[in-house]
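Asks: Take this structure, written in structure tokens, and hold onto it; I'll ask about it next.
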Amino acid sequence: MKRILSILLGLGMLTSLPAHAEHAIGYGQGTQTDENHVPLGALDFDAQYRQYDAYATTPDKRRIVLTFDQGYENGYTDDILDTLAEKHATAIFFLTGDYARREPELVRRMIGEGHMLGNHGMTHASMPHLSHDEAVQELMELHEYVIEQYSYPMQYFRCPCGEYSEETLRTVQELGYRTVFWSGAHVDWLTEEQPDPDAALAKLVSQAHGGEILLLHSVSSTNAAILGDLIDALREKGFLV
């Protein structure tokens, strides 16, 4: 399986600066875009923080990366995995500690079918609000658990709550990880207020751009329903998915 970001996993020397010393920044790609439909907020993030191996878009402008946040199971992940297998597509699934513990069959299926696992924090705590030692524990406790239970060394981190600070990004990098945000998303996480499938599909296709990291949530019935058509439509536009 091709990987968008080439990473050598390894631990570095840790700093002693407290992560909570800086105010938390809430990530958002914004609505303004360039001529290629790339959100300006994502481009600004990349320019400012790529020195910390932090990404809102990928360097490969031919490709769109599918990512799913796995906070809890709502019965749609099997369908999502079925569709990905049918379409010969891969994704990054960002696990919380609770999900990794409660859903071993699904996690093993993700690994077995060639998907990547990402780290979304052991307790889904906002990293900038933690001390340095607490931030390290939040990331590494889940990292070590997934190695012990699934023999899988994770290498991508998505900040819980979409909150970060420069010190957070530095700490994540020193732990051998790359931070992955996103440049495309839609309001899909409100399980009782799911978007109309046709409207959601149209929106996601219209905002597609090269190098996009697409944030989706597996708790969404809409995402499960439109995923196959979305992959087809993105490929028809010439993107690798």
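Asks: Hey, quick one: spin label on LYS203, modelled 7 Å out along Cα-Cβ, who in the stretch 211-229 has an amide N within reach, i.e. under 13 Å?
Replies: The answer is 215-217, 222-223.
Asks: Same structure, new question: May I ask you to compute the full-extension gain from ASN36 to GLU86, defined as 0.36 nm times their residue separation minus their alpha-carbon distance, rounded to one decimal in nm?
Replies: So the extension gain works out to 15.1 nm.
Asks: What does the extension gain come out to for GLU144 and GLU113, with contour length at 0.36 nm per residue minus their alpha carbon separation?
Replies: 9.0 nm
Asks: Another question about this same structure. With n ≥ 4 as the cut-off for DSSP H runs, can you work out [θ] at 222 nm for the chain, using -39500 (n - 2.57) per run divided by the number of residues, rounded to the nearest 500?
Replies: Per the formula, -11500 deg cm²/dmol.
Asks: Right, another one. Ranked highest first by the average count of other Cβ atoms within 10 Å around their residues, in what order do 50-57, 92-99 fall?
Replies: 92-99, 50-57
Asks: Can you tell me what share of the DSSP beta bridges in the chain is antiparallel? A percent to the nearest 5 is fine. Present the calculation step by step, with values, prior to reporting the outcome.
Replies: On the way: 4 of 25 bridges.
For the chain, the DSSP antiparallel bridge percentage is about 15.
Asks: Follow-up. Hey, what did the chain get for relative contact order, percent, Cα under 8 Å, at least 6 apart?
Replies: It rounds to 31 percent for the chain.
Asks: Now, a different point. Just to be sure I understand the model, the point goes 7 Å from the Cα along the line to the Cβ. What's the resulting GLU105 to HIS23 distance in nm?
Replies: Between GLU105 and HIS23, the label points sit 4.8 nm apart.
Asks: Search the structure for amide H atoms under 5 Å from the amide H of ASN74, placed 1.01 Å from N in the peptide plane, and list their residues when 5 or more places away or on another chain.
Replies: When sequence neighbours closer than 5 places are left aside, there are no close amide H contacts.
Asks: Moving on to the next point. Regarding the stretch 152-218, what are the three Cα extents along the principal axes, ordered largest first, in Å?
Replies: 43, 30, 27
Asks: Please turn the phi angles of the stretch 216-226 into ³J(HN,Hα) values with the Karplus equation 6.51 cos²θ - 1.76 cosθ + 1.60 (θ = phi - 60°), one per residue in order, whole Hz, x for glycine and proline.
Replies: Computed from phi, the couplings for the stretch 216-226 are 10, 10, 6, 6, 8, 5, 5, 4, 4, 6, 9 Hz.
Asks: Moving on to the next point. Highest first, please rank the peptides 211-220, 37-46 by the mean number of other Cβ atoms sitting within 10 Å of their residues.
Replies: 211-220, 37-46
Asks: Pull up all non-local amide H partners of LEU117: gap of 5 or more, or a different chain, and H-to-H distance under 5 Å with H placed in the peptide plane.
Replies: Those qualifying (amide H under 5 Å, at least 5 residues apart or on another chain) are PHE93.
Asks: Would you please give the residues with an amide H less than 5 Å from that of THR33, counting only those at least 5 places away or on a separate chain, with H modeled from the backbone geometry?
Replies: LEU40
Asks: D for the stretch 69-176, whole µm²/s, Stokes-Einstein with Kirkwood Rh over alpha-carbon pairs at 10 °C and 1.306 mPa s: what number?
Replies: In µm²/s, the coefficient is 112.
Asks: Hey, if you put +1 on the Cβ of every Lys and Arg and -1 on every Asp and Glu Cβ in the chain, which of ASN74, PHE94, VAL219 ends up farthest toward the positive end of that dipole?
Replies: About the Cα centre, the residue reaching furthest to the positive side is PHE94.
Asks: Which trypsin sites (Lys or Arg not before Pro) in the stretch 56-161 sit in a loop by DSSP (not H, G, I, E or B) and have at most 15 other Cβ atoms within 10 Å of their own Cβ?
Replies: Answer by residue number: LYS61, ARG62.
Asks: Sticking with this one: Label LYS237 and ASN74 with points 7 Å out from Cα along Cα→Cβ: what is the distance between them in nm?
Replies: So the label points at LYS237 and ASN74 sit 2.3 nm apart.
Every number here is computed from the coordinates shown, using simple stated rules; none is lab data. These figures come from a predicted structure and were not determined experimentally. When we count neighbours, we look across all protein chains shown, and the Cβ atoms used for this are built from the backbone with ideal geometry, even at glycine.
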